[in-house]
Amino acid sequence: MYPHNNLQLQALENRLLGIELAFETSDDWLWDLDLESRTLTYIGDWYKRLGFKEMTDVGIEVVDQWISRIHPDEQPRVIQSFQQVIGGQVNRIQTKYRILENTGDYFWVSTRLASRRDENGTLIRLVGINSDTDIFHNSVERLQNLAYTDITTGLNNRIALMDHLNQRFVNYDMSRVNGAVLLI
């Protein structure tokens with residue numbers, strides 16, 4: 001598994017350089033948490049966006065800092081999905097959540113996580129890719145809002161009214177209700 005000569009080492013270094021260059025051109029951040037050495041290594045510069053200091057190889061303590069930045073509405077769900085990997089129920093997950101950046105604003109992130117265990121089943125490594133999905137998520141929200149709002153007035157449109165009426169009357173016995181709704 002480890003390089004046995006200079007050619008193999010050079011080939012491995014070239015592959016790593018290609019991976020680093022690919023991540024520099026994207027909004028993704030690759031990270032590798034080695035639980036045996038208790039170190040976190042990464043490719044990408046999200047640490048700047050999150051307000052962390054310059055990071056080369058940092059310790060496992062950064063995980064607690066990361067978790068503390070997850071939006072409170074998503075934190076329990078994200079922790080639960082990570083615990084499923086750590087506990088061995090699943091080997092990989094994908095989850096989306098908001099995380100606090102150094103400006104004080106939250107942005108949307110998608111994390112894909114995979115685990116490795118040794119021959120005894122002990123978790124030895126977590127590797128993940130975080131992707132900035134803020135623009136996509138906000139665009140979807142805007143489209144959903146436009147579907148239920150009149151562009152000119154900003155008021156709810158007919159679709160929003162029909163959804164509201166359907167929700168209100170779902171438990172009513174409609175054979176006993178008299179009335180009408182007039183849409184203009």
Checklist entry - Using 0.36 nm per residue, how much length does the chain from Gln167 to Thr95 gain when fully extended, once their Cα-Cα distance is taken away? => result 23.0 nm
Checklist outcome for this item: Diffing segment 121-127: the Karplus 3J(HN,Hα) column from phi (6.51, -1.76, 1.60, θ = phi - 60°), in whole Hz with x for Gly and Pro, holds x, 7, 5, 10, 7, 10, 10
Next on the checklist: I want to check the label-to-label distance for Ser139 and Leu12. Put each point 7 Å from Cα in the C-beta direction and report it in nm to one decimal.
Outcome noted: 4.0 nm
Checklist entry - How much FRET efficiency would the formula 1/(1 + (r/R0)^6) give for Leu146 and Ser68, where r is the Cβ-Cβ distance and R0 is 41 Å, rounded to 0.05? => result 0.75
Checklist entry - Dividing the convex hull volume of the alpha carbon atoms of segment 61-124 by its residue count, what do you get in Å³ per residue? => result 82 Å³
Next on the checklist: Could you tell me which residue out of Ser115, Ile129, Leu100 lies farthest along the dipole of segment 97-166 toward its positive end? Charges go on the beta carbon: Lys and Arg +1, Asp and Glu -1, centred on the Cα centre.
Outcome noted: Ser115
Checklist outcome for this item: Over its alpha-carbon atoms, segment 103-150 yields an Rg and a Dmax in Å of 18.1, 60
Item to check | R0 of 30 Å, Cβ-Cβ distance Gln83-Arg49: FRET efficiency to nearest 0.05 | outcome: 0.70
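Only the coordinates and a few stated rules stand behind these numbers; no lab work does. Values in this document were obtained by computation on a predicted structure and should not be read as measured data. Cβ sites come from the backbone with ideal geometry, for glycine too, and all protein chains shown count toward neighbours.
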